[in-house]
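Heads up, the thing below is written out as structure tokens.
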Amino acid sequence: MDIVENQARIEALAEDILTDKQLSVDYDRRRQETREALRKLRHQTQNVRPNSRLATTTINMGDFFLEVPAARAQIIVEAAQKELDGAIDDVRQRLKKKVELLAQLEGDERRESIARSMNLKAVNERDARQS
């Protein structure tokens, strides 16, 4: 591979990594906002009678606002939270692979081995019970 082509691939990959890092930060910020909203909704639903005016809340759904029961809003926010968690996990997995590929392209064996070790996955409950 030509040196110029190699450098171009490295630059493009590095830019993809930076973009994914920023995307991860943005997703994390939104996840924190949904956590705060969820906490407020839970607090609101605990202290209100079901048929009172305070049992409803207004949520933003893209370009419009909806007034829905607080319990329903809580379900919607929880679903958004799960979706964000999945998106963050996907971005992090892509980042790990891209960092490993970048280390390979640069020929840095030490950083490549560190990147490979970052690809380890946590043991889930099912796997822990089997052993």
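Looking at the range 111-129, can you tell me whether even one residue there is more than 30 Å from LYS40 (Cβ to Cβ), modelled with pLDDT of 70 or more, open to solvent by less than 40 Å² (accessible area, probe 1.4 Å) and assigned to a helix (DSSP H, G or I)? No: the range 111-129 contains no residue that is more than 30 Å from LYS40 (Cβ to Cβ), modelled with pLDDT of 70 or more, open to solvent by less than 40 Å² (accessible area, probe 1.4 Å) and assigned to a helix (DSSP H, G or I).
Mind telling me which of the residues THR45, THR19, THR34 ends up being closer than 23 Å to ALA87 by Cβ, in contact (Cβ under 8 Å) with a residue 24 or more places away in the chain, among the polar types (S, T, N, Q) and open to solvent by less than 100 Å² (accessible area, probe 1.4 Å)? I'd like the intermediate steps shown before the answer.
On the way: THR45 fails: closer than 23 Å to ALA87 by Cβ; THR19 fails: in contact (Cβ under 8 Å) with a residue 24 or more places away in the chain.
Testing whether each residue is closer than 23 Å to ALA87 by Cβ, in contact (Cβ under 8 Å) with a residue 24 or more places away in the chain, among the polar types (S, T, N, Q) and open to solvent by less than 100 Å² (accessible area, probe 1.4 Å) leaves just THR34.
The values are calculated or read from the model by the stated rules, or taken from the named source; none is laboratory data. Computed from a prediction, not measured in an experiment: that's the story for all the values here. So basically every Cβ, Gly included, is an ideal-geometry build from the backbone, and we count neighbours across all protein chains shown. Areas reflect the complete protein model, heavy atoms only, side chains present, ligands, DNA and RNA absent. Shrake-Rupley method; radii C 1.70, N 1.55, O 1.52, S 1.80 Å.
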